[in-house]
Every structure is written in C-alpha cells, then in structure tokens.
Amino acid sequence: KNQVEQSPQSLIILEGKNCTLQCNYTVSPFSNLRWYKQDTGRGPVSLTIMTFSENTKSNGRYTATLDADTKQSSLHITASQLSDSASYICVVSKGGGNKLTFGTGTQLKVEL
Amino acid sequence: EAGVAQSPRYKIIEKRQSVAFWCNPISGHATLYWYQQILGQGPKLLIQFQNNGVVDDSQLPKDRFSAERLKGVDSTLKIQPAKLEDSAVYLCASSPGQGWNTIYFGEGSWLTVV
C-alpha cells in the first residue's frame, strides 16, 4: 500500500529556534516529493518539489532533503518565526503523473 | 497572477440536503483537481480533470458526488444528498498540466453537515 508517514504529529518550538520535520514513504514507483505549508483555514502552498536525483532543495529558511534509497525526506526550518506556525504536509507523487499521496501533516506551533 | 478561486467559502447544510461548490482555476491551467480534506487528515483526491475530460475519479463517491468541468475552465462539485461524514474542506487545485508540475490550491470551501 502506498503510504506517506510524517513525524512528529505536532511540535512546539520557541521563535528563533530551528526544527526538522520527517517524512517516510512507501509510494512506488516514485516520481517526486513535495512539501506544502498549510496555514489554518487556508489551502496548501507549495514549498519545494524534488525528484529522485535531487538530495536537497532550499526555499528561503526552508530546506528539504531527500534520500530516495531509504525513502525518507526531511524539512528543516531555520530561525523559526511566528508565521511558520502551520501544518506541513509531505506529498509523494507516483509514477509519471500527478497522482499524489498526502501525509497527514506535522502541526507546528512557534511561540514567543 | 490570480490564484485558484473557490466559492462559497463556508456552507452549513442539513443532512440529505444538496450543496454545490464552484472553482475557477488559474488561467491557462489544463489540469483541475477536487480534494476532500477532513479535519486532521491530508487531502484526498476526489476527481482530476485534464481540460474537460476526467482523468481519475476512482475515489469519488458517485452515488452522491458529481463534478463537471464544462468548456475546460470552471468546475462545479455537487453533493446530493449530503451525509454527516461529508463535513470537510473541499479544496480545488490546478496545475499547468500533468506530470510533475506544481499544484496550486484554492482557499477551500468549508462544509458542515448537521
């Protein structure tokens, strides 16, 4: 069964601190992996998209890594801000199309 | 660039009633998706259109859900009759085409069935 599992389920950190979110997947055949940020009450917004040949990709303070051999990805947030409080969803695309499998997300809260 | 537009943003209906959601994708995007997101879960694909043709509707409960994309632009998702378990956010999304394009989501239509 194609699955995407994320950890931790939720996380609270202080403003200015770094954090790393994890994503493990079993989707096969693998096409690409995406990280989305979803603010409460809003639609998901794309942060990064990586194919199997890419090990790391950055978008500002967000850095995603991908290990296609172990089927693991991480999203590292540097110098967190209050506005980073959101759900971060790992999404894996199967095959050559846009057939996506979504994780249930990590709920991040950044506090003062 | 205008994003994916959805309406209404919020809807409360009684079970067994019907509801319709409208979506206007980003101009020029050939692929349109409808997702259902239940609180605390990731989005689940209901239906995917390529222009005005259906690519994937394998997870659409066809006994009560229907969707159309006339003229390959706007789309409507209808639920009739609604059940309590249909309470969710219905997300419309679009992308330039199939393949590994970025998918752009709308703000969602929040449905509560009471």
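The amide H of B:Lys15, built 1.01 Å from its N in the peptide plane, has B:Val114 as neighbours under 5 Å, considering only residues 5 or more places off or on other chains. Phi-derived couplings, Karplus 6.51 cos²θ - 1.76 cosθ + 1.60 at θ = phi - 60°, listed residue by residue for region B:83-92: 10, 4, 6, 7, 4, 5, 9, 9, 9, 9 Hz, with x used for Gly and Pro. With Cα atoms defining each centre, region B:38-114 and region A:14-75 are spaced 24 Å apart in the structure.
Using a 7 Å offset from Cα along Cα-Cβ at A:Ser46, what residues in region B:75-113 end up with backbone N under 13 Å from the label point? Within reach of a label on A:Ser46, which here means backbone N under 13 Å from a point 7 Å along Cα→Cβ, region B:75-113 contributes B:93-106.
Among B:Phe21, B:Phe49, B:Phe65, which one shows the highest mean-square fluctuation when chain B is modelled as a Gaussian network with alpha-carbon springs under 10 Å? In the Gaussian network model the winner is B:Phe65.
For region A:1-67, report the translational diffusion coefficient in µm²/s to the nearest whole number, using Stokes-Einstein at 37 °C, 0.692 mPa s, and a Kirkwood Rh over Cα pairs.
Details: Rh = 13.6 Å.
Value of D from the Cα-based Kirkwood radius: 242 µm²/s.
Look at the stretch A:41-52: the mean tally of other chain Cβ atoms within 10 Å of its residues' Cβ atoms is 4.
Straight-distance candidates among the lysines for linking to A:Lys99, with alpha-carbon spacing under 28 Å and chain neighbours fewer than 8 residues away dropped: A:Lys1, A:Lys37, A:Lys57, A:Lys71, B:Lys44, B:Lys62, B:Lys71, B:Lys78, B:Lys83. Its relative contact order, with pairs defined as Cα atoms under 8 Å and 6+ residues apart, puts chain B at 37 percent. Computed over chain A, the alpha-carbon pair-distance distribution with 5 angstrom bins reads 2, 13, 24, 25, 19, 10, 5, 1, 0, each value a whole percent.
Relative contact order of chain A, taken over Cα pairs closer than 8 Å and 6 or more residues apart, is 37 percent.
In chain B, excluding the sites themselves, the longest stretch lacking any of the trypsin sites (Lys or Arg not before Pro) that are in a DSSP loop with at most 15 other Cβ atoms within 10 Å is B:17-61. All alpha carbon pair distances within chain B were sorted into 5 Å bins beginning at 0; the resulting P(r) in whole percents reads 2, 13, 24, 26, 19, 10, 4, 1. Normalise the Debye intensity by I(0) for the protein assembly as shown, one equal point scatterer per Cα, no solvent, then take log10 at q = 0.12, 0.15, 0.17 Å⁻¹ and round to two decimals. Values, matching the q order: -0.65, -1.00, -1.23. Springs between Cα atoms under 10 Å define the GNM used for chain A, and in it the highest mean-square fluctuation of A:Thr78, A:Thr40, A:Thr56 occurs at A:Thr40. Taking a straight line from the alpha carbon of A:Lys17, these aspartates and glutamates sit under 13 Å away, with near neighbours fewer than eight places off in the same chain left out: A:Asp84, A:Glu111.
Remark: mean inter-chain Cβ contacts per residue of B:34-47 equal 4, using a 10 Å Cβ-Cβ cutoff to other protein chain atoms. Rounded to whole numbers, the Karplus 3J(HN,Hα) couplings from phi for region B:46-51 are 9, 7, 10, 10, 10, 6 Hz, using 6.51 cos²θ - 1.76 cosθ + 1.60 with θ = phi - 60°, and x at Gly and Pro.
Values quoted throughout were computed directly from the atomic coordinates according to the rules given, and no laboratory measurement underlies them. Worth saying up front: this structure is predicted, and the values here are computed from it rather than measured. Counting neighbours? That spans all protein chains shown, and the Cβs are built from the backbone with ideal geometry, glycine included.
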